[in-house]
């Protein structure tokens, strides 16, 4: 067996290993797609209708929501980080105010294209709604 035959054998072995690897990856990819489509990871008990109907499952639904509220309270620790949260809300309020000012200044009253001005007004309304949401958030943080 000379050097050329040796390199051919090594080449066939490497090529064969590559083919086996490729087939294995294709099978794994296909299995994850099929499994992902047929099996859900965790059933969502709050979204599925109960055999008891809407009213018959209200107590369980309320308990699930209360558990989520407690989980969020444990994550956020409002009493410990209240000042940080208030500073973040104030900074976001200032940012939204600046964006509102920018929207007002970008409006062109002489523009004959009413659609452009309506888009600017809609953006301004969205920013106003976000300011209202920030105020409600600040009131909530203050009551905690």
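The values are calculated or read from the model by the stated rules, or taken from the named source; none is laboratory data. Please read these numbers as outputs of a predicted model, since none were measured by experiment. Note that each Cβ is placed from the backbone with ideal geometry, even for glycine, and that neighbours are counted across all protein chains shown.
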| request: Any residue in segment 95-117 that's at negative phi: show its pairings with residues that are part of a loop (DSSP other than H, G, I, E, B) and surrounded by 10 or more Cβ atoms within 10 Å (Cβ to Cβ) at Cβ separation under 8 Å, as long as the two are six or more apart or on different chains. | output: 116/108; 117/107; 117/108; 117/111
| request: Please note which helices (runs of 4 or more DSSP H) are completely contained in segment 28-134 and include at least 2 residues that are exposed (fewer than 13 other Cβ atoms within 10 Å of the Cβ) and at pLDDT 80 or above. | output: 58-76, 78-106
| remark: Residue hits (segment 135-144; in contact (Cβ under 8 Å) with a residue 60 or more places away in the chain and exposed (fewer than 13 other Cβ atoms within 10 Å of the Cβ)) are 144
